[in-house]
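What follows is a set of notes on a single structure, which appears directly below.
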Amino acid sequence: MAIAQLLVEVLALGAAYALVALGFVLILNATGAVNFAQGDLVMAGGFGAVLLADRLHVSGLVLLPALLAGMAVLGVVVALAAYMPLRRRPPEAVFISTIAVGIILQNVANRLFGAEPVATPPLFGAGRVRFAGVDASVQSVAIIGVAALLIAALYTLFTHTQFGRRLRATAYDRDMAMAIGIPVDRMIAGTFAVAAALAGAAGLLLSNTFFVTPSSGSDYMIKAYIAVVIGGWGSIRGAVAGALLIAAFEVLYPSLPLLVPALLWMPSSDAVFSQTTSTIVLDVAVLLILVVRPQGLFGEAARQRP
Amino acid sequence: MQGDRRLGSPKKGLTNAHHAGGLGYLFGMAFATLVLFGGLPVAHTAEPAPDVPVLVPITGFLAAEGSSQRNGALLALQNPPAGVHPRFAVTDTGTSPEGAVNALERALSDGEVTVVVASMLGTQMLAMLPIAQAQKVPLITMSGTADITRKGNPYIFRFFPADSVVKGAQVKYAIEAHHIQKPAVIYQTTAYGQSGHAEILTALAAAGIKPVYEDALDVGVKDMRPVIAKAVASGADSLLLQLHGGPTALFLKAVAAMDVHLPIVAGSGLSQPATVALLEPAELKGVCGETGSSPISGETPAARDFLARYRDAFHTDPDGFALGQYDATMMALEAVAKGATSAEAVTKALATGSYQGVAMTYKSNGHGDMAHSAVIVCFDGTSRVPAVVRHYDFPISP
Amino acid sequence: MRRWVAHGGVALPLAVAACAYGVFVLPHASDYALRVLTVAGVYALLALGYGFIFGQAGALSLAQGTFMGVGAYVSGILAVRYGVAFDAALPVSVGLPVLLALLVAIPVLRLQTHYFALATLLIGQVVLLVATQWESVTGGANGIGGVPPLSLLGHPIEGRLPQLLLVWALVAAGAVLAWRIVSGRLGDAFALTRLHPVAARAIGIDTGSLRLAAFLLSAGFAGLAGSLYVHAIGVLSPDVLGFPVMITCLTIAVVGSRLRVAGAIAGAVVIIELPEWARFLRDDYLLAFGCILLLVVVALPGGLVETAERLLGWVGSRAVPSVMAGRVPAIFAPADEARMAGTRPAMTEGVGPFIAARAGDADLLTLVGVSRRFGGVLALDDVALTVRSGAVLGLIGPNGSGKTTLLNVVTGIFPADAGRVRLGGRDIAGRAPHAIARLGVARTFQTAALAAELSALDNVAVARGAARLGVGSALRAGRRDRAVVRGEAMALLERMGAGAYAAEAAGTLPPGIARLVEIARALATEPRLLLLDEPAAGLNETEQADLGRRLRGIAEDGVGLLVIEHNMPFLVPLADRMVCLDQGRVIAEGTPAAVQSDPRVIEAYLGTPPP
């Protein structure tokens, strides 16, 4: 396992996580509330892609636009059902209403698709590529490309369109946005649409390699939550950085004994570098970050919201 | 494109039935629900109408296995022996003992229960056992957990070979076929994984073998490569798996991608059709696994008949759990047909009788272990249908 | 009788219904019905505990299920491996979750909403992983079977009905305990802490230890619930530590009413019995569960119990209980000025002891070289000023000149970056806000920070002896204590001229009156130093004059006053001296007349000469 190959995997996993975390942080900024169904939207995107692939028989890349559109609609539905009626209530109310949305999505998926894992189609195809001596799967490289493209598109949306500027204004200060005549409710619905589309894209990208089941959402939810916390609450760049960091930890920690062979002969190295220990170490590390640096790892820029 | 072949071809019948043929599936489910709701109308009051609640996990991490169990039971209940008119209802137990206990007591409070199709999750069985004993109702299950037939409870009947049997077969085959000396054992951190892991270690120890590498994986683990690489780095000469279906597929995919060529003998997760459907035939080349039976391999006319009927009813392929639960339910219904109409009588018939099922002959060892055979299936790299390469019949011993 | 209704809300009809159910239905119920009701009791205890941290303290803890699981594991392992009976194990099975909560609380409890939620979620995940991995002790993912049934003093409780009765007896005891804790003044303190933590600290409430008390109580109840659960189910499995248990608990709290003791019980019965009532849904039950949760959150904001209270018209009697007949001495009942006039002497007499008159006009508060920086902005720059006992210091300055920052530095909300803050010769810089409040510093806020759902009276009453308020005192004193302080609070409201509003919910008060109530609350802490942030805003001229006289009276009792105000006609006659701040610096100090005519002040603040 060459380092370069590992890094490709880190980037691929991190890029997909970043899409989930971006959706999470966009909703957080626009509404001040945690969308606990963000992971289940990833799951919904995975199953949505399976459904589309079954009907259309095309590669993942081709059905991506249709998936994004469908997920955006789902996002608006979630906003209407679980956020809009709770606008004037404390953020916990949305936390709980989105937990309910998650339960509904999981059980609808279970009803429609069954509990067995299924795979989404690959973006281009299977197989592996070699460049500059690095051997990587086509899918991993494609994930990096597509995620980068989506993030760039998001950036353009935010900086170069009227819609994006209004979204940002809404996220920055809702009351002020309302005062200067921005249709805040529509902007928030738009944010849910964008967030759900990003989650859906992540579902398509991740579920080819890792499959999707009705219960696979919760894991992504926790990853996104953690990414946003270590990246700095409300920071968009921080969310991407946090997602990459988590992916790096997830891939590299269990591989440490391979990268540093001396560790392999350490007593009970199997247990210390097992996947389960890796989860415990990550959780404890995040707890420490929360306690020591509640503003996140990346500087002061992040706004801290209660 | 490469893309849809992955999802399509050999699995085509299955996938299409499941998704594109979703309407038929839904219709089937609706029909099943309808039947379940009222129970079947009892045509002749003189003929026995046993009450057979089906209490299995349909949601949660065992949902795939539980659904197989449900389907197997339903196939038997919908096609009962002549003259028997079973009434039945499916209840989802989830994965908590509380869910199982509630489901059982609810079924018991509804009327005279004859026999219960009970969850394959060991912890749920442990919770249901005392109630079954107090109410004198037999439970027929697919749970492999060793403990459930070691409690001296006369109302438990296990129709899937116990973990000691299937894990014994897994290790025995690995030794016979691959002469393993330094296996790596990879298992799941669930009840299924931990129970199987303990039995694998016992079987290995009996042969004087000690694993060189062990790792316990959470069901959420995505990247299998570090585990595989560490196993290889530890000098393992083989990989013994005890993973659920999805993780088994992830693992085998990673092994293929890494060009690792160690012999692999997997657990029953491998033989679940949904697992196989996730993999290319090439990725399965040379991989073997244990299971109670492999209906999809169609070894006997009876198995081929079962396979056809099962596909017809559920538009998916059966696995060993489905067939085992079918046989179990049929054994109980046959007993009813022969006059054992009460729970007590069915218990006695299950405890003392012998039954030639589709998969094997079932007979209690005195503790309620009914299945004493296991098979090893292997894939040849060209098809998703495995061949049965070994039958292991274990002596019927307490 | 009316008192009962008033205090308990829907508790009374619920209790009656429960008794009727117990007498008429239970003896004929099936084992299944009894088991479900027993499990509902277990969840009721869990939710009662959750009411402390999620309801009273308002913190979204996702570790309640974890504490229940730890209680279950401790009790189950002790029973199976060491033969320790349920009741004998209770000190450990309740104690260990509380200990875990204590350990966790040290780093985590001060975190804000969403951080706290994530932290508690991660702690639950770690505990679950440890329980599944530590196979030799916990039985791993398989758990441990054969947990014996509940027992009491060596007698196993075998039958379903006795088990149910034991569980529900504990629920009743837990409910009474919870009710005693939250229905007294501690409940008011929790309300203020939840809604305005800064204001709570400013009257001397140690909000941190209040939150801690809530967290520990919730863990204790959860431990008891877990212990009952494992003996009732008979099997120990990691499922009890899983997130679904936490979601069930959260759902119960939300559906029932998170702030009501009766809500926890009603919620538990409804949610745990729901699968039985919704049998026709079969496999779609979980889907329906999600929909119901969503529907309740959206459509019934307060949950079932609060909605029932509203429908039955009892909301008024709960929100403003102070004027219910027979609860408060008649003398304190609201009345018109004429009637009040007759009682005034007695009341003034009663007020006397609350104001900590201290002889002499010593320097009370002294600031020397105080600076405070926010990022690149120097909000306070080398500020020096003095407030004397029995005197009023007016603090003026344009918007953003650092007046409120100065108040925040004195009251400990922000520490000063440099300089000394001395109160009566003692350095108070760097102390916690509640500690400074306990030294005799009280304040009001630019926007009145009252607990909207409490009456004006209770908003004042909560500050009486707030510093000594704790779970122990709440249990000892109970409601009697609340009645006493309400009398004292009424006197203070009268002193500020807001007595007529005593019974009104603070959220509905006109802004000017809310300020008066806030001053009364500040006085209730018996301050030596009173800091007022724009007290006259929102009052008309007559009311301003009236307020000025009342503040003068407070100063005459020996209290030192620091008053921030833009309103010169109000401040100039009131203040003995004035200080003007501009861009964080003191630019003028002296008599009101001198400061008012200082050209620097006019330039910086007034723009034009004063009228």
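The values are calculated or read from the model by the stated rules, or taken from the named source; none is laboratory data. Quantities reported herein were computed from a predicted structural model and do not represent experimental measurements. Glycine gets a Cβ as well: all are built from the backbone with ideal geometry, and neighbour counts include every protein chain shown. Heads up: the accessible areas ignore ligands, DNA and RNA and are worked out on the full protein's heavy atoms, side chains in. Shrake-Rupley method; radii C 1.70, N 1.55, O 1.52, S 1.80 Å.
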Residue under question is C:Pro149, and the condition is that it be open to solvent by 20 Å² or more (accessible area, probe 1.4 Å), in a loop (DSSP other than H, G, I, E, B) and either away from chain B (no Cβ under 13 Å) or in contact with an Asp or Glu (Cβ under 7 Å, 6 or more places away or on another chain) (or both); does it hold?
yes
The listed residue being within 14 Å of chain B (Cβ to nearest Cβ) and of a type outside the set (Ser, Thr, Tyr), out of A:Val286, A:Val212, A:Val229:
A:Val212
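This table checks each residue for (1) modelled with pLDDT under 85; (2) touching a Leu at 6+ places or on another chain (Cβ under 6 Å); (3) among the polar types (S, T, N, Q).
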| residue | (1), (2), (3) |
| --- | --- |
| A:Val94 | no, yes, no |
| A:Gln106 | no, no, yes |
| A:Gly133 | yes, no, no |
| A:Ile151 | no, no, no |
Residues of segment C:417-433 classified as surrounded by 22 or more Cβ atoms within 10 Å (Cβ to Cβ) and over 24 Å from the mean Cα position of the chain (by Cα), total
2
Out of B:Glu98, B:Glu105, which single residue is over 21 Å from the mean Cα position of the chain (by Cα) and open to solvent by less than 20 Å² (accessible area, probe 1.4 Å)?
B:Glu105
Looking only at segment A:154-179, how many residues end up being surrounded by 12 or more Cβ atoms within 10 Å (Cβ to Cβ) and under 17 Å from A:Leu22 (Cβ atoms)?
11
Filtering segment A:201-221 for residues that are open to solvent by 30 Å² or more (accessible area, probe 1.4 Å) and in a helix (DSSP H, G or I) leaves a count of 4
Among the candidates C:Thr405, C:Thr386, which residue alone is of a type in the set (Ser, Thr, Tyr), under 20 Å from C:Val601 (Cβ atoms) and touching a Ser or Thr at 6+ places or on another chain (Cβ under 7 Å)?
C:Thr386
I'm trying to understand the selection: among the residues of segment A:35-47, which are in a loop (DSSP other than H, G, I, E, B) and either within 12 Å of chain B (Cβ to nearest Cβ) or open to solvent by less than 20 Å² (accessible area, probe 1.4 Å) (or both)?
A:Asn35, A:Ala37
Kindly indicate the residue of segment C:362-380 that is within 21 Å of C:Arg420 (Cβ to Cβ) and open to solvent by 40 Å² or more (accessible area, probe 1.4 Å) and also modelled with the lowest pLDDT among those meeting that condition.
C:Ala362
Selected residue [facing another protein chain (nearest Cβ under 7 Å), open to solvent by 10 Å² or more (accessible area, probe 1.4 Å) and in contact (Cβ under 8 Å) with a residue 40 or more places away in the chain] from A:Val118, A:Val76, A:Val101:
A:Val101
Hey, does segment C:258-277 have a residue that's of a type in the set (Gly, Ala, Ser), open to solvent by 10 Å² or more (accessible area, probe 1.4 Å) and farther than 24 Å from C:Ala15 by Cβ?
no
Checking the conditions here, which among B:Ala351, B:Ala322, B:Ala335 is modelled with pLDDT of 90 or more, more than 30 Å from B:Leu270 (Cα to Cα) and touching a Pro at 6+ places or on another chain (Cβ under 9 Å)?
B:Ala351
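Yes/no matrix, rows are residues, columns are (1) surrounded by 16 or more Cβ atoms within 10 Å (Cβ to Cβ); (2) of a type in the set (S, T, N, Q):
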position: C:Asn540; (1), (2): no, yes
position: C:Leu547; (1), (2): yes, no
position: C:Ile554; (1), (2): yes, no
position: C:Phe570; (1), (2): yes, no
position: C:Met578; (1), (2): yes, no
position: C:Gln583; (1), (2): yes, yes
position: C:Val601; (1), (2): yes, no
position: C:Ala604; (1), (2): yes, no
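For (1) touching a residue at least 24 places away in the same chain (Cβ under 8 Å); (2) out of contact with any helix residue (DSSP H, G or I) (no Cβ under 8 Å at 6 or more places or on another chain), each residue gets a yes or a no:
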| residue | (1), (2) |
| --- | --- |
| B:Ala184 | yes, no |
| B:Tyr187 | yes, no |
| B:Thr190 | yes, no |
| B:Gln194 | no, no |
| B:His197 | yes, yes |
| B:Thr202 | yes, no |
| B:Ala205 | no, yes |
| B:Glu214 | yes, no |
| B:Pro226 | no, no |
Out of all the residues in segment B:267-276, is one or more closer than 22 Å to A:Ala248 by Cβ, modelled with pLDDT under 90, facing chain A (nearest Cβ under 10 Å) and in contact with a helix residue (DSSP H, G or I) (Cβ under 7 Å, 6 or more places away or on another chain)?
no
Residues of segment B:170-202 being touching a Gly at 6+ places or on another chain (Cβ under 7 Å) and within 14 Å of chain C (Cβ to nearest Cβ), which ones?
B:Tyr187, B:Ala191, B:Gln194, B:Ser195, B:Gly196
Of the residues A:Val62, A:Val50, which single one is among the hydrophobic types (A, V, I, L, M, F, W, C), within 14 Å of chain B (Cβ to nearest Cβ), without any contact (Cβ under 8 Å) to a residue 12 or more places away in the chain and assigned to a helix (DSSP H, G or I)?
A:Val62
Across segment B:53-68, what is the number of residues that are closer than 23 Å to B:Ser294 by Cβ, facing chain A (nearest Cβ under 7 Å) and either open to solvent by 10 Å² or more (accessible area, probe 1.4 Å) or touching a strand residue (DSSP E or B) at 6+ places or on another chain (Cβ under 6 Å) (or both)?
2
Considering residues that are open to solvent by 10 Å² or more (accessible area, probe 1.4 Å), within 14 Å of chain A (Cβ to nearest Cβ) and not in a helix (DSSP H, G or I), the number found within segment B:279-294 is 1
If you go through segment C:118-127 one residue at a time, do you hit one that is modelled with pLDDT of 90 or more, within 11 Å of chain A (Cβ to nearest Cβ), open to solvent by 40 Å² or more (accessible area, probe 1.4 Å) and part of a helix (DSSP H, G or I)?
yes
Can you tell which of B:Leu104, B:Leu121, B:Leu129 is facing chain C (nearest Cβ under 8 Å) and in contact (Cβ under 8 Å) with a residue 12 or more places away in the chain?
B:Leu129
Any hit, segment C:63-71, residues being assigned by TED's automatic domain parsing to the domain that holds C:Gly187 and open to solvent by 10 Å² or more (accessible area, probe 1.4 Å):
yes
Which one is most open to solvent (accessible area, probe 1.4 Å), of the residues in segment B:227-258 that are of a type in the set (D, E, K, R) and assigned to a helix (DSSP H, G or I)?
B:Lys253
With respect to C:Pro91, determine if the residue is open to solvent by 10 Å² or more (accessible area, probe 1.4 Å), within 14 Å of chain B (Cβ to nearest Cβ) and not β-branched (Val, Ile, Thr).
no
For segment B:337-350, indicate whether the set of residues that are touching a residue at least 40 places away in the same chain (Cβ under 8 Å), surrounded by fewer than 22 Cβ atoms within 10 Å (Cβ to Cβ), touching a helix residue (DSSP H, G or I) at 6+ places or on another chain (Cβ under 7 Å) and not assigned by TED's automatic domain parsing to the domain that holds B:Leu241 is non-empty.
no
